[in-house]
Each structure stands twice: as C-alpha cells, then as structure tokens.
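Asker: Handing you this structure, nothing more for now.
Every read-out reported here was derived from the displayed coordinates using simple, explicitly stated rules and does not represent laboratory data. Computed from a predicted structure; not experimentally measured. With ideal geometry, Cβ positions are generated from the backbone for all residues, glycine too; neighbour counts draw on all protein chains shown.
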Amino acid sequence: MDPQQAIQLKKTLLEERAKIEAQLELIAKRNPAIKGDWTANQYDENGISDTLDEKAQDVTNFEERRAVEQNLELRLKEIDSTLSKLAQGTYGICSNCKSPIEEKRIEAMLIVEHCFQCAQKSNIS
C-alpha cells in the first residue's frame, strides 16, 4: 500500500469512526470506567411508562438500542484495530498465516483480518 492510499484509508476510517460515535451518542452513553465501552440508554426521553404495555414497549426499545449499541461498539473496535495496524505497518497482512491479503479483498472490505485462503479454511471474514 502506497503512502497516499494509507492516508486515504486512515481518513475514511476516521470519518466512519466519527459517524458511529455520533450514532452512539443518540442511543447510549460512554462508560467512564472502561475505555471504548458504551452503555445503551435505559429509557426514552419521555420518561418512565405507567401501563404494562408501555413498560413492555420500553423494555423492547431498550433491547433494540442495546443490540445496535453493541454492533456499533464492535465496529469501533474493528476500526481502531485497523488504524493501529495501519500505524504499525501491518495492515494488509493476514493475522493467521502472515501472508499479504489480496488487493481485491482489501478493496472489497477495508477492515479485513485474514487472507482469502485463511478465511475460507476457518469460515471467517
């Protein structure tokens, strides 16, 4: 990867990171005790519900926010890992066999840990 591609990749990843953090701030709060951890907001801004149906809906909404929060948090970790590899000069190297990851694979998935052969062998991406 040439330096210009690395700069563009870093820019793309940082932009995605900022978008994800903005989405997280709408549904969750940062956990001050654990770096990079978020906690989904328990209740909507409207307050605590009175009826059982409203309480059930609050629980459902919370579970949905929590699932989204967990997926976004995972994506942030993947982005941070990729940025770290980029900084260390190990981006594009298979985590398993240490071979270069195919250029077409990198183009298709900017955040990629394994070459095609290793991914196929272990059924991972």
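Asker: Tell me the mean residue ellipticity at 222 nm calculated for the chain from its helices only (DSSP H runs of n ≥ 4, each -39500 (n - 2.57), averaged over every residue, nearest 500).
Answerer: Numbers: 4 runs with 75 residues, N = 125.
Value at 222 nm, helices only, nearest 500: -20500 deg cm²/dmol.
Asker: With θ set to phi - 60°, apply the Karplus curve 6.51 cos²θ - 1.76 cosθ + 1.60 along segment 87-100 and write out the HN-Hα couplings as whole Hz, x wherever there is a Gly or Pro.
Answerer: 5, 7, x, 10, 5, x, 10, 4, 5, 8, 9, 6, 8, x
Asker: Using the crude model of +1 on Lys and Arg Cβ and -1 on Asp and Glu Cβ, and no other charge, please compute the dipole size for the chain relative to its Cα centre, in debye to 20.
Answerer: The dipole magnitude comes to about 820 debye.
Asker: A further question on this structure: Give, in whole angstrom and from largest to smallest, the semi-axes √(5λ) of the equivalent ellipsoid of segment 1-45, with λ running over the eigenvalues of the Cα gyration tensor.
Answerer: 31, 12, 5
Asker: Further, regarding this structure: Work out Dmax and Rg for segment 70-125 from the C-alpha atoms and quote the Rg first, both in angstrom.
Answerer: 11.2, 31
Asker: Count of lysine pairs in segment 7-87 with Cα atoms under 17 Å apart, counting only pairs 8 or more residues apart in sequence or on different chains?
Answerer: 11
Asker: Report the convex hull volume per residue for the chain, counting only C-alpha atoms, in Å³.
Answerer: Cα convex hull per residue, to the nearest whole number: 137 Å³.
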